[in-house]
Amino acid sequence: MRRHRIAAMGGDGIGPEVIAAGCRVLAAAAEADGGFAFDVQEFDWGSEMYRRTGRMMPADGLDRLKDFDAIFFGAVGAPDIPDHITLWELRLAICQGFDQYANVRPTRLLPGIVGPLREDLGRRIDWVIVRENSEGEYAGVGGRAHRGLPIEVGMDVAVFTRAGVERICRHACELAMTRPRKKLTVVTKSNAQRHGLVMWDEVCAEVTAQFPELTVDKMLVDAMTARMVMKPETIDTVVATNLHADILSDLASALAGSLGIGATGNIDPTRKRPSMFEPIHGSAFDITGKGIANPLGSFWTGAMLLEHLGEGEAARRVMRAVEAVTERGEVLTPDLGGKATTVEVTEAVIAALRGANL
């Protein structure tokens, strides 16, 4: 039997709740398949550790994680700790430390879910947003000077390297080639950012030229937001910078009905280091501990994890189970207009997983 080692890290807010639910669904998927199993180790890193020790994760955290097959991550952030600490000292420390340079976020309107768009538009959403995940606007280069003085200055530098742009665009092209429409949109803002993003455009043009079977277009990021709302059927695979794709993918999840549905893979395509999979909804302090967090994003994320580990049929089985539950519409959390709890949704998906019709 194939065995996969998973590092489960709930983190902050509703993260522990949805990752616990996700682990239950992964175990059920393995049981239903019968050909593999998971060895899951839990890590209590996050804001609670920071309050105790002054660190979001141990100094040797990456070394402890490096031999796992994948990381299943919940959320990061706390009201009483600055966001730049919680983010940079845990999630980004893992993403950048393991060079998980491809952030992949699929989006579509699940059966039975009603999004904010007219139904005829919402049903046309079937996108994958590929986000550069290692540099760009989140490179961490910059600083502050003259603190507390009238001339105080803070500066962040967006860093674009030829190697970084080339590899994320190539990954997006290769992913687009696996999809039926073979269509890629390159998002930019080179009309205003005339150095880094002009280079982004040039390098992306060089890479996409190597994929003649792809249909490629280019779109300014502000125009792209309007296109996502007004003409969703014209979009398939999207590649964008760290900041631009971060914003666009949140809009994508909202258009698909709820941020609670969104899924993400932080991928090291070389597979030299473990990739990390996380729902995109964040900590959601307002509902933490209430038992009503939407676990569907963690299930979709779990399906991405399964696919990454080579368990494609189990991944498809999970998504069929999720879709069966959403299509019935009887067991949904409040963000989707229902009254169900996290546990009730989890049990409904597990029951569907075990159903013979899947």
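The values are calculated or read from the model by the stated rules, or taken from the named source; none is laboratory data. Bear in mind the structure is a predicted one, so any value in this text is a computation, not a measurement. Using ideal geometry, Cβ is built from the backbone for each residue, glycine included, and neighbour counts are taken over all protein chains shown. These area figures cover heavy atoms from the full protein model, side chains too; ligands, DNA and RNA do not enter into them. Shrake-Rupley method; radii C 1.70, N 1.55, O 1.52, S 1.80 Å.
Structure above, values below:
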item	result
Residue 281 accessible area, 1.4 Å probe, all protein chains in place, Å² to nearest 10	30
Simple Cβ-charge dipole of the chain, Lys/Arg +1 and Asp/Glu -1, about Cα centre, in debye nearest 20	460
Extension gain (nm, one decimal) between residue 162 and residue 177, 0.36 nm per residue minus Cα-Cα	3.2 nm
Region 306-358 - accessible surface per residue (Å², probe 1.4 Å)	47
Sequence of 218, 339 from largest to smallest accessible area, 1.4 Å probe	339, 218
Residue-level accessible surface for residue 250, protein heavy atoms, 1.4 Å, Å²	60
Inter-centroid distance (Cα atoms) of region 1-54 relative to region 316-358, Å	20
Relative contact order, percent, the chain [alpha-carbon distance under 8 Å, six or more residues apart]	23
Full-stretch length increase - residue 31, residue 330 - with 0.36 nm per residue and alpha-carbon distance subtracted	105.1 nm
About the Cα centre, charge dipole magnitude for region 73-137 (Lys/Arg +1, Asp/Glu -1 at Cβ), debye	440
Sites matching GluC sites (Glu not before Pro) across region 129-183 that sit in DSSP coil, with at most 11 neighbouring C-beta atoms within 10 Å	152
Global geometry of region 210-358, whether rounded, prolate or oblate, following the gyration tensor of its Cα atoms and the 1.5 cut on a/c	prolate
Which of 272, 189 is most accessible, then next, and so on - probe 1.4 Å	272, 189
Potential lengthening between residue 286 and residue 83 on full extension [0.36 nm per residue; Cα-Cα distance subtracted]	71.4 nm
Signed unit charges on C-beta, dipole axis of region 165-285, positive-most listed residue 283, 186, 215	215
Estimated dipole of region 206-358 in Debye, rounded to 20 [Cβ of Lys and Arg +1, of Asp and Glu -1, Cα centre]	280
Out-of-range pairs (alpha-carbon distance over 21 Å; input 183/272; 182/272; 290/339; 66/272)	183/272; 182/272
Region 186-243: GluC sites (Glu not before Pro) in DSSP loop, at most 11 other beta carbons within 10 Å	213
